[in-house]
Each structure stands twice: as C-alpha cells, then as structure tokens.
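These notes are about the structure you will find just below.
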Amino acid sequence: MGFLLAFLSALCFSITNIVLKKGMTHSTTNGLWVITLMNVLVLGAALLAASFIKEPPQLTVNGILLFATAGFLINVIGRPLLYKSIRINGSSKAVSIKNSAPVFTLIFALFFLHERIAPGPMIGIICILTGLFVLAVFTFKEDRTKVQRSGYLYALLAAVGYGFGQGLTKEAMNVLYEPVLGAFIGTVIALFVLTVYETFRTDNSFFVFMKASFRYPHYIWAGILTGFALLFFYLSASLIYVSYSVAILAVDPVITVILAYFFLKKEETIPPVLLIVGILVFIGAGLISLLG
C-alpha cells in the first residue's frame, strides 16, 4: 500500500507540474501563496475526516517541531526554488533535476535514521539516480546561457530542500505517528511564513494581493493537486522506508515528460535522452516496488 501511495503522490505532482507551467504562461507570479493555501484546506479537510474515525492524537512538542521543520524545508525552501526553475527551464527539465532529492534523503536516512537498504532496492535507487545524472549532464551541456543554468541550480537546491525535508518527515513520524497531522502542520507553517513575506513585500494591501491570487484557476488546481500529493507521500512514508517512498516518487519526471509531450508542445521541447532516463527510472522504481 505504501508503494501505491508513493506512486499516486508522484502522479499528482506530475499533473501539478503541467498545470503550473500552463498557469505561468498567463501570470508573472508563481502562485506560491494560493497553492499553499489550497494545500492547507485539502489537508485540513483530510485531518477533520480522520478525526471522526480515530482517537485524537497524543501530541508531543518534538513531533510538532520536527513536522514544522520538515514542512519548512519542503514548502518554503524546496517548492519556491522548484517553481523558479520551472519558469526558467520548463517543467520537464526542472523536475528531472529536482528529483535528485533521493540522494539527499538516502544520506539522511542512512546516517540519521539508521535505515538499512536491501540489495534489490539499492540497485533500484542506483538506476534512478543514474538516469537523473545522465539527464543532468545532458541538459547542462545543452543549455549554455547563464539564465538557463541558474534554473538548473535552483532545481538542485530545491532537491536539497525536498530531500532533507522528506528524510526529516520520517524522523518526525517516529516521534509522532500522525502522517495527516504532520502534512497539515508543515503546510500551515509554510502558509504563515509566506503570508508574512507577501504582507511586507507587496505594495498594495494584503487583501488586494489575495484577490489577485485567485484570478488564476491553474494555481488553484495546482494547490489542490499538491495537497493530495503531500497527503499521499506522508501516508506512504508512514508505511514503508522513506528511502523507498522518495525513490518511487522519482517517477515524477517521467510522468511529467509524458504529459508535457501531449500538453506542452508549444511551451517545451522534449529531448530524446529522456527516453533513456525514463527506462532507468521505471526499472529502478520497479525493483524497489517488487523487492522492497
């Protein structure tokens, strides 16, 4: 079940990437605030539904702090950098570079969570990372402008934020086994930080900013989708090793490339090397799913 939830999370993230790129063609902003708000609403509804079927959680300060820190790394550090990269280089390339996050999650899981990775899944992880490395080398040589390369740097830094944030999520669940609550806490912290930032950044009143934020339906749908993606990921990480969850999540760029081919033909070009990358990622994800 944990593997299926991780795949559903990847699917939601992939659709989000396409919707997000479509939205960026109509807006000069990245829609980060309204997307995060929709995350809070989706996860809040899930938390409310869960409260009717289970006992109230036994909250701990350490658990809340760990979930808050993980949410900050993922939603305040990783996500804005990824969205900047998508605007510069397109969803296919940005997401492919960002999905080197399993490297950083694996480092965190091995050294801080003391997880042991079986040989089969380890081969799968190596296949995925090899594919992502091939793609990174190809795209870095292909695009020589400073702007495009800065987009790759943003994506790599996003991977660091996502990777350590996802690893910290598992540690948080070792302390407070409440995946839905954890996802909700992370997005609430992100919304608070972004609200403070936008309040001081915008020249107009914050209410004018809020009204403008809801003009773009693409961002609203992106927020709903990422809300479900986060929910599925947190549930997955509560059932299986976080290393496996993140590795399965790495099929995200492959699905994104497939969707981009059909829906973003005018906005993006899909290089042939992505076929090789896709095969490696699918083999890796398959090994993890079957042998994990």
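FYI, it's all coordinate maths here, none of it is from the lab. As the structure is a prediction and not an experimental result, all values here were calculated from the model. Here Cβ is always computed from backbone atoms with ideal geometry, including for glycine, and neighbour counts include all displayed protein chains.
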To make sure I understand, if each residue's beta carbon is the centre and we count other beta carbons within 10 Å, what order do His26, His114 fall in, fewest to most?
His114, His26
Give me Glu55, Glu171, Glu115 sorted ascending by neighbouring Cβ count inside 10 Å, so fewest comes first.
Glu55, Glu115, Glu171
So, counting K/R as plus one and D/E as minus one, what does the shell of residues with Cβ under 15 Å around Ser238 add up to?
-1
From the C-alpha coordinates alone, can you work out the Kirkwood hydrodynamic radius of the range 2-291, in Å?
18.9
Between Ile107 and Tyr197, what FRET efficiency follows from the Cβ-Cβ distance if R0 is 35 Å, with the result rounded to 0.05?
0.75
Extension gain from Val273 to Tyr177, taking 0.36 nm per residue of separation minus the Cα-Cα distance
30.5 nm
Theoretical gain in end-to-end length, Leu41 to Met1 [0.36 nm per residue, Cα-Cα removed]:
11.9 nm
Just want the ordering: Tyr216, Tyr154, Tyr197, Tyr244, from fewest to most Cβ atoms lying within 10 Å of their own Cβ.
Tyr197, Tyr216, Tyr154, Tyr244
Taking the chain and counting helices only, DSSP H stretches of n ≥ 4 at -39,500 (n - 2.57) each over all residues, the nearest-500 ellipticity at 222 nm comes to -26500 deg cm²/dmol
